[in-house]
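The values are calculated or read from the model by the stated rules, or taken from the named source; none is laboratory data. This is a predicted model, so every value here is computed, not measured. Methodologically, a virtual Cβ is constructed for each residue, glycine included, from the backbone with ideal geometry; neighbour enumeration extends over all protein chains shown.
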Amino acid sequence: MAHLIRKMGKFFILAAIFLVLASAAFAASFDVKVTPVKDRIVVDEVAEFDIAVQNNLDTDEEYTIKKAGYPFWDMYTKPLQNPITLKVPALSTSSIKLFVDPLYITSVDTYTIDMGVVLESTGQEQKVPITVGIKSTEPLIGGYIPTVLTSTSISPGKIDPREDFTITIALNNQNVLDYPNLTIKIESNLFKDELYVPLGPKEDRTIEVTKRLDDMAVPQEDRLVIAIFKDERLIVSPIIKEFEVIEYAVQEELPKEQSFLKIRKGIKVTSNNPDYRGAVKIETTPIKNLFMTTSPRAEIIKENGRHYLVWNVEVGNDQTALIHTSENYRPIVVIGLLVIAAIVLYFLFRSPIVVSKAIGNVGMSEGGISEAKVVVRVKNRSPAQCSPML
């Protein structure tokens, strides 16, 4: 028993040493340094800090900066990010500027907020204190910090760029402040807009904005960012709403080009995706195929007893592709004219006299022919009279 206890004791000692070493290595995987740029502010100002992350690993890593202090404080970057991320190359340091905005602070004091920095590959988090000094609360209006609860939606969430979509913004004024002219900024990678709306004390208001993208906007995932300002002060934390621009492809028949016994048809394929690949199929018949050419060359297939021409098209940088079919019946006319000409020439140049002969009244004598009658028939096929021949 004593021997077993000694062995278990050694095991626990080794395990503890391993955990200590592992913890030390884990803790040293990155370091965070906060440098104040502007940390003493009036209550309606925004504090600024430089957040530097040192990557001690030999691989490129991504870090997430977790907001803290809400709803009394807001943290954001310019341009807006949600979530706030920072990519740091191996064994290097990168930094990002963080803005800290007091939302519900009504007293002159010094405040400390514990911000989190998370290493995405492992989930390791370090808490970093950020200290902000409020030196004056004079900008408060009637003792209130401007507060407007905001929500937004976009319909539909999957947008066809050829069709309208609607952005709905719901505003709820939480106090008795009157806002004669709020500025609502709407931004994404594809559009940017500003609205100016009034909002009364304790008022609920819903705003609908109808927009339309460029018809050829490429398929992509995007983020709608909405922020609300009173004068130049951000009073609502940026709201992020994700949406998607979907792919489409349309086939348009081009005007027919017709000439004598020849018809040329075309189809234009248009897509908002420059990498679009798809099939175009039109019905045909075996007889038509005898007189039809296609550009580019089409494949002929048979489905359910019907024949089809099929093209596999790719659109290029201009996001369009063209295909053409030509039905040419002129060869039929040419062949018909040649046949008629041959018949006419035959009748023009044939011999007017047709001579045929036959043998009759054959007499047999001593095993051989002793006499026979030869009949010669002469026929005049022309309208002219012919003199008898001797």
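Return yes or no: is Pro180 touching a Leu at 6+ places or on another chain (Cβ under 9 Å), surrounded by fewer than 15 Cβ atoms within 10 Å (Cβ to Cβ) and outside any strand (DSSP E or B)? So Pro180 does not fit the description; no.
So in the stretch 316-337, with the set limited to residues that are among the aliphatic types (A, V, I, L, M) and modelled with pLDDT of 90 or more, which one is farthest from Met216 (Cα to Cα)? The selected residue is Ile323.
Restricting Ser94, Ser107 to those that are small (Gly, Ala, Ser) and over 30 Å from Glu242 (Cβ atoms) reduces the list to Ser107. Test Ile207 against the stated conditions and say whether it is outside any loop (DSSP other than H, G, I, E, B), within 25 Å of Ile169 (Cα to Cα) and not charged (D, E, K, R). Spelling it out, Ile207 is indeed outside any loop (DSSP other than H, G, I, E, B), within 25 Å of Ile169 (Cα to Cα) and not charged (D, E, K, R).
Residues that are surrounded by 16 or more Cβ atoms within 10 Å (Cβ to Cβ) and in contact with a Ser or Thr (Cβ under 6 Å, 6 or more places away or on another chain) do not occur anywhere in the stretch 186-207. Taken together, the residues in the stretch 82-137 that are small (Gly, Ala, Ser) and outside any strand (DSSP E or B) amount to 5. Within the stretch 208-238, the only residue that satisfies the criterion of being loosely packed, with under 13 Cβ neighbours inside 10 Å, under 14 Å from Ser153 (Cα atoms) and either without any contact (Cβ under 8 Å) to a residue 12 or more places away in the chain or among the charged types (D, E, K, R) (or both) is Glu208. A single member of Leu348, Leu309, Leu290 is at pLDDT 90 or above and aliphatic (A, V, I, L, M), and it is Leu309. Checking each residue in the stretch 36-73 for being in contact with a Gly (Cβ under 9 Å, 6 or more places away or on another chain) and not in a loop (DSSP other than H, G, I, E, B) picks out Arg40, Ile41, Ala47, Thr64, Ile65, Lys66. Of all residues in the stretch 322-337, those satisfying the criterion of being out of contact with any Gly (no Cβ under 9 Å at 6 or more places or on another chain) and either closer than 19 Å to Ser271 by Cβ or touching a residue at least 12 places away in the same chain (Cβ under 8 Å) (or both) are Ser326, Glu327, Asn328, Tyr329, Arg330, Pro331, Ile332, Val333. Select from the stretch 351-366 the residues that are over 30 Å from Arg381 (Cα atoms) and among the aliphatic types (A, V, I, L, M) and write down the one among them that is modelled with the highest pLDDT. If we take residues in the stretch 351-366 being over 30 Å from Arg381 (Cα atoms) and among the aliphatic types (A, V, I, L, M), then Met364 is modelled with the highest pLDDT. Please work out if Asn172 is surrounded by fewer than 14 Cβ atoms within 10 Å (Cβ to Cβ) and of a type outside the set (Ser, Thr, Tyr). Here the answer is no, as Asn172 does not meet what is asked.
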